[in-house]
1. From R244, R201, R224, grab the single residue that is of a type in the set (K, R), open to solvent by less than 50 Å² (accessible area, probe 1.4 Å) and farther than 30 Å from C39 by Cβ.
2. Scan (1) assigned to a helix (DSSP H, G or I); (2) in contact with a strand residue (DSSP E or B) (Cβ under 8 Å, 6 or more places away or on another chain) for the single condition T226 breaks and write down its number.
3. Given the options V87, V75, V68, name the one that is at pLDDT below 95, in a helix (DSSP H, G or I) and not polar (S, T, N, Q).
4. Among (1) touching a helix residue (DSSP H, G or I) at 6+ places or on another chain (Cβ under 6 Å); (2) open to solvent by 20 Å² or more (accessible area, probe 1.4 Å); (3) acidic (D, E); (4) at pLDDT 95 or above, which single condition is E4 missing?
5. Being hydrophobic (A, V, I, L, M, F, W, C), open to solvent by less than 30 Å² (accessible area, probe 1.4 Å) and touching a residue at least 24 places away in the same chain (Cβ under 8 Å) is the filter here, so list the residues in the range 163-198 that pass it.
6. Q234: open to solvent by 80 Å² or more (accessible area, probe 1.4 Å) and not small (G, A, S), yes or no?
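The values are calculated or read from the model by the stated rules, or taken from the named source; none is laboratory data. Keep in mind that what you see is a predicted model, and the values were worked out from it rather than measured. Here the Cβ positions follow ideal geometry from the backbone for every residue, glycine too, while neighbour counts run over all protein chains shown. Surface accessibility is based on the protein's heavy atoms, side chains included, excluding ligands, DNA and RNA. Shrake-Rupley method; radii C 1.70, N 1.55, O 1.52, S 1.80 Å.
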Amino acid sequence: MSDEGIDFDGLADGMREFAAAWDAVAYHCGDPTPPSSRCALEATVLPSSVEAPEQLTRSIAQDSAVYVTAAAQHVRALARLLGPEVVLTGWTVTRSVDEYCGRVAWLLATDVEPINRVARFYMERIVGLHMARVSENNIGHRARAKEFRKAREATIAQARTMFPDIVLYGEDGPNEWIVGGEQYSSLRKAVNDFGRERLHRPGLYDMLSSFTHPALARLKEQTRVTQLENRLHQAFIAEPEVIRWQMAVACGSVYSAAQHVISYLGLDDSPLEQWADQHPELMGWSLSSRDVES
């Protein structure tokens, strides 16, 4: 597929190569932690009250790596949506990619003290279990909801041994929860922060959200109207540059999130760097002057 000089088949191949490059890096996430890595060093400065600090910081890294792997899987999916399926759906997949990447950036932010990172780690797990319990309960799966509640309460109990001042209430739900002085970062805030700081794209979540939530104005932007004999024919379309924007933002986002994990664990990033050298057109900050208007 090629349109307006854009080789979409080549871009799709590049996206699949990117996902494979991350797989090559992720394989080593289970290697022994290098003593000089931030993961190892942060374990040495956690308070003495923290049990098994090396295991705890490794868990933080592992959770983050799982998020990057999930985002890379969405990149694979986006690479396959090059026919009519990419219309409208490309926005949804790209938004999911950045939601995962935003969590990684929040968990592994370099300007966070080690004990505060631990607080974010527990907050992330508590909120995930809470939301799973709520959804299971709402659809009537009481047994599953109870399992998630027990897991949530156990995680809260673990967190309280280090952070007795946990605050888990508020009209806005988890967005107002606090663990160890760290307030939960909502999907919107995390993605917007990530987009601004790592991709030089302020308001990234807001724009992706506006194209993925029902909005007639956004649908109209993606509609082509043709005059037939006795009626108007309307069809959804995707501009080639918009598709490339989605591909580039998705790959650039996962690349940036992966760098957080690589830096934290002290991994070899050569597979990703080799990919980046070969595919600068798929980096989220390398887009043409016909960039998407927000």
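1. Result of the check over R244, R201, R224: R244.
2. (1)
3. Within the list V87, V75, V68, the selection yields V87.
4. Tallying (1) touching a helix residue (DSSP H, G or I) at 6+ places or on another chain (Cβ under 6 Å); (2) open to solvent by 20 Å² or more (accessible area, probe 1.4 Å); (3) acidic (D, E); (4) at pLDDT 95 or above, E4 fails exactly one: (4).
5. F163, W177, V179, A190, V191, F194
6. In short, yes.
Rundown of residues vs (1) assigned to a strand (DSSP E or B); (2) modelled with pLDDT under 95; (3) of a type outside the set (F, W, Y), yes/no style:
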{"site": "L208", "(1), (2), (3)": "no, no, yes"}
{"site": "H233", "(1), (2), (3)": "yes, yes, yes"}
{"site": "A238", "(1), (2), (3)": "no, yes, yes"}
{"site": "R244", "(1), (2), (3)": "no, yes, yes"}
{"site": "A250", "(1), (2), (3)": "no, no, yes"}
{"site": "A257", "(1), (2), (3)": "no, no, yes"}
{"site": "P271", "(1), (2), (3)": "no, no, yes"}
{"site": "W275", "(1), (2), (3)": "no, no, no"}
{"site": "W285", "(1), (2), (3)": "no, yes, no"}
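A quick yes/no check of all residues on (1) within 24 Å of S263 (Cβ to Cβ); (2) in contact (Cβ under 8 Å) with a residue 24 or more places away in the chain; (3) among the charged types (D, E, K, R):
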site: G90; (1), (2), (3): no, yes, no
site: R95; (1), (2), (3): no, yes, yes
site: W106; (1), (2), (3): yes, yes, no
site: P114; (1), (2), (3): yes, yes, no
site: R125; (1), (2), (3): yes, yes, yes
site: A132; (1), (2), (3): no, no, no
site: I139; (1), (2), (3): no, no, no
